[in-house]
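A.B. asks: Here it is, the structure, as structure tokens.
The values are calculated or read from the model by the stated rules, or taken from the named source; none is laboratory data. Every value quoted in this text rests on a predicted model; they were computed, and no experiment measured them. Cβ placement follows ideal geometry from the backbone for every residue including glycine, while neighbour counts extend to all protein chains displayed.
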Amino acid sequence: MKSQFKITNDPIKILHISTAKSWRGGEQQLAYLYEELDQKGVEQIILCVKDSKMEAYCREKGHQFVSQVKRSGVDPFFAKRIKSICKKIDIDLIHTHDAHGHTYAIIAAALWKNKTPIIVSRRVDFSVGKSKSSFYKYNHSKVAKIVCVSDKIKEITAKDITDQSKLVTVHSGIDLTRFENTHVPGKLKELIGVKDKFLIGNTSALADHKDYFTFIDVAVKLNQKRKDCHFVAIGNGPLEEEIKNYARGKGLANLSFIGFRNDVPEILGDLDVFLITSKTEGLGTSILDAFAQGVPVVATAAGGIPEIVHPEKSGLLCPVFDSECLSLGLDRLLDNAALQQQLIAGAKQILATHSKAATAEKTLAVYRSVLGR
């Protein structure tokens, strides 16, 4: 089918929109994408929020960006900035990387008559039709493609999308070189003051969908079976105090909270098992990080996780909220060196198709399909 948008042989010009002030998985994926597409000659500019982590990243890397104050609520002037950038630079495509960015791109089209087609990244595994406004923005005529980070996300999103041809899966990827010869043995153990214990940890944000409450329940159950384990949460987030209070209420003394770290490649390898207990998940790139560092994984079957954690092949998988299954999996894995090596080997095979380069190449193919290039 012919593209409905302009066709030229000039370099593709992309406006990425990121409205988060913090730095989590979605922001990291945008960073990877920018870096890879930059090497392919794609012209890009990032519209981000003033004083955000994304702005700091762009300044550090020398990437093209525009930072804009975003007022609370829906800010029509943020949307107007989108229109002005598209007009000034002759942008070919807008790529939104979070829900608010998507909203502002639609406002720019509806209110300010911006004509630039929109690519939407979809990373979360819940329905888009929960409200009329959400249904409207996903089915807007200017939305050319909805890029889902897993087949599961695509399946869930499809239920509320009128034009199914707009949906495409592009699995998230990671920078495999980030974990090459970076592990500093013993650094994490020294940091938390633990020596002769198995370390079981998670690098997810302390947010609701990551379900650290089940993580804590698993720790409590495993403590009833054995006394040679220590748990560690590497990350921060809005539920930090609530989660810490829950752990205290359970009397869990062998759990360390060390906050957000920039040295994850140096400390991740100290973990004996990576335990992720999410109740919803797009794909789970923190799992890919663990794969890259050679840490075996025990996970819940949330969202797209089963697309990378294949039971008994690349990890152990349990139902969401099932702390008993998760604790039994940990107990079994810690005492079975052969199983550990089996899972690590299987994980390496998964990584071969989940690099940031592969993700960027597939994303570029989406851009080209929309523009007919």
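A.B. asks: Is it the case that G201 is closer than 24 Å to G303 by Cα and assigned to a strand (DSSP E or B)?
C.D. replies: Spelling it out, G201 is indeed closer than 24 Å to G303 by Cα and assigned to a strand (DSSP E or B).
A.B. asks: Being over 21 Å from S150 (Cβ atoms) and crowded, with 18+ Cβ neighbours inside 10 Å is the filter here, so list the residues in the stretch 341-351 that pass it.
C.D. replies: I344
A.B. asks: Do the conditions hold for V128, that is, is it modelled with pLDDT under 95, β-branched (V, I, T), touching a strand residue (DSSP E or B) at 6+ places or on another chain (Cβ under 8 Å) and farther than 15 Å from I17 by Cβ?
C.D. replies: For V128, the condition - modelled with pLDDT under 95, β-branched (V, I, T), touching a strand residue (DSSP E or B) at 6+ places or on another chain (Cβ under 8 Å) and farther than 15 Å from I17 by Cβ - is met.
A.B. asks: Anything in the stretch 148-196 that is assigned to a helix (DSSP H, G or I), closer than 18 Å to A99 by Cα and in contact with a strand residue (DSSP E or B) (Cβ under 7 Å, 6 or more places away or on another chain)? List them, or say none.
C.D. replies: I153, K154, T157, A158, K166
A.B. asks: Next question. Here is a list: S369, S327, S314, S278. Which entry is in contact with a strand residue (DSSP E or B) (Cβ under 7 Å, 6 or more places away or on another chain) and at pLDDT 95 or above?
C.D. replies: Sole residue among the options that is in contact with a strand residue (DSSP E or B) (Cβ under 7 Å, 6 or more places away or on another chain) and at pLDDT 95 or above: S278.
A.B. asks: Would you say D75 is modelled with pLDDT under 95, over 22 Å from the mean Cα position of the chain (by Cα) and surrounded by 17 or more Cβ atoms within 10 Å (Cβ to Cβ)?
C.D. replies: yes
A.B. asks: Still on this structure, please answer the following. Considering only the stretch 326-340, I want to know if a residue exists there that is closer than 25 Å to R178 by Cβ and surrounded by fewer than 18 Cβ atoms within 10 Å (Cβ to Cβ).
C.D. replies: yes
A.B. asks: What about S141, is it over 27 Å from G294 (Cα atoms), in contact with a Lys or Arg (Cβ under 7 Å, 6 or more places away or on another chain) and part of a loop (DSSP other than H, G, I, E, B)? Break it down stepwise before answering.
C.D. replies: Numbers: over 27 Å from G294 (Cα atoms): yes; in contact with a Lys or Arg (Cβ under 7 Å, 6 or more places away or on another chain): no; part of a loop (DSSP other than H, G, I, E, B): yes.
The answer is no for S141.
A.B. asks: Select from the stretch 141-173 the residues that are among the aliphatic types (A, V, I, L, M) and either closer than 13 Å to S121 by Cβ or not assigned by TED's automatic domain parsing to the domain that holds K362 (or both) and list them in ascending order.
C.D. replies: Those that are among the aliphatic types (A, V, I, L, M) and either closer than 13 Å to S121 by Cβ or not assigned by TED's automatic domain parsing to the domain that holds K362 (or both): V143, A144, I146, V147, V149, I153, L167, V168, V170.
A.B. asks: Let me ask something additional. Being closer than 19 Å to E190 by Cβ and either aromatic (F, W, Y) or not assigned by TED's automatic domain parsing to the domain that holds D211 (or both) is the filter here, so list the residues in the stretch 229-252 that pass it. Reasoning before the result, please.
C.D. replies: Start the filter on the stretch 229-252 by keeping residues that are closer than 19 Å to E190 by Cβ, which leaves 229-234.
Hit for the stretch 229-252 is F231, nothing else.
A.B. asks: A further question follows. Quick check on my filter: what residues within the stretch 166-188 are surrounded by fewer than 18 Cβ atoms within 10 Å (Cβ to Cβ) and more than 30 Å from E361 (Cα to Cα)?
C.D. replies: V184, P185, G186, K187
A.B. asks: Scanning for something more than 29 Å from L351 (Cα to Cα), in contact with a Phe, Trp or Tyr (Cβ under 8 Å, 6 or more places away or on another chain) and of a type in the set (G, A, S), does the stretch 119-129 turn up at least one residue?
C.D. replies: Checked against the condition, which is being more than 29 Å from L351 (Cα to Cα), in contact with a Phe, Trp or Tyr (Cβ under 8 Å, 6 or more places away or on another chain) and of a type in the set (G, A, S), the stretch 119-129 yields at least one hit.
A.B. asks: Looking at this structure, is A158 touching a His at 6+ places or on another chain (Cβ under 9 Å) and aliphatic (A, V, I, L, M)?
C.D. replies: Against the criterion (touching a His at 6+ places or on another chain (Cβ under 9 Å) and aliphatic (A, V, I, L, M)), A158 does not qualify.
A.B. asks: Still on this structure, I have one more. Would you list the helices (runs of 4 or more DSSP H) that sit entirely within the stretch 10-117 and hold 3 or more residues that are closer than 26 Å to A358 by Cα and not assigned by TED's automatic domain parsing to the domain that holds S131? If you could, list the steps in order and put the result at the bottom.
C.D. replies: On the way: elements: 25-39, 53-61, 76-89, 99-110.
By residue number, no helices (runs of 4 or more DSSP H) qualify.
A.B. asks: Please go through the stretch 339-363 and pick out each residue that is of a type outside the set (D, E) and within 14 Å of Q29 (Cα to Cα).
C.D. replies: Within the stretch 339-363, H354, S355, K356, A357, A358, T359, A360, K362, T363 qualify.
A.B. asks: Is there any pair with a first residue in the stretch 235-262 that is of a type in the set (A, V, I, L, M) and a second that is part of a strand (DSSP E or B) and surrounded by 16 or more Cβ atoms within 10 Å (Cβ to Cβ) whose Cβ atoms are under 6 Å apart and which are 6 or more apart or on different chains, and what are they?
C.D. replies: Every condition considered, the pairs that remain are A247/L255; L255/F231.
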